[in-house]
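Single-structure report; data block below.
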Amino acid sequence: MKTIKKYWLAIVAGIAAIFGLFLLFSSKRSKTKLDQIEDQIEDNNEQIDVIEDRVEDIQQQREEIKQDIQQTESEIEDLKQQVAEVNPEVRPVTEARENILNKTRRRSRKPKNT
């Protein structure tokens, strides 16, 4: 009977040792996984900060471009008003003919019969 007790004691001790080793390795494994997850969270937070900075820059550029567009639109409207206000002078045909004749005379060409 004593030998059976020794065997049972050895079996129970072996099972307890295996269970203890399992708990030890599983706790180490869970700690390393937690560390990896924390590192990933930190990396994600850093990436979020970088992306938020980029978003702010893009929004600022957008506002600047909107202001530039509004400026150019107002300039276009001003130019349209100026073009509408311009009235070209209408010269009579006889003045144009005289100008043409004067220019041709300067070139030492003889004008046609007038």
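The values are calculated or read from the model by the stated rules, or taken from the named source; none is laboratory data. Computed from a predicted model, the values in this text were never measured in an experiment. Reconstructed Cβ throughout: ideal geometry from the backbone, glycine too, with neighbour counts over all protein chains shown.
Check whether at least one residue in the range 89-98 is of a type in the set (Ser, Thr, Tyr) and at pLDDT below 95, and report yes or no.
yes
All but one of (1) exposed (fewer than 10 other Cβ atoms within 10 Å of the Cβ); (2) acidic (Asp, Glu); (3) part of a helix (DSSP H, G or I) hold for residue 78, so report the exception by its number.
Looking at each condition in turn, residue 78 falls short on (1).
I'm told residue 101 meets every condition in (1) touching a residue at least 12 places away in the same chain (Cβ under 8 Å); (2) loosely packed, with under 10 Cβ neighbours inside 10 Å; (3) of a type in the set (A, V, I, L, M) except one. Can you identify the failing condition by its number?
(2)
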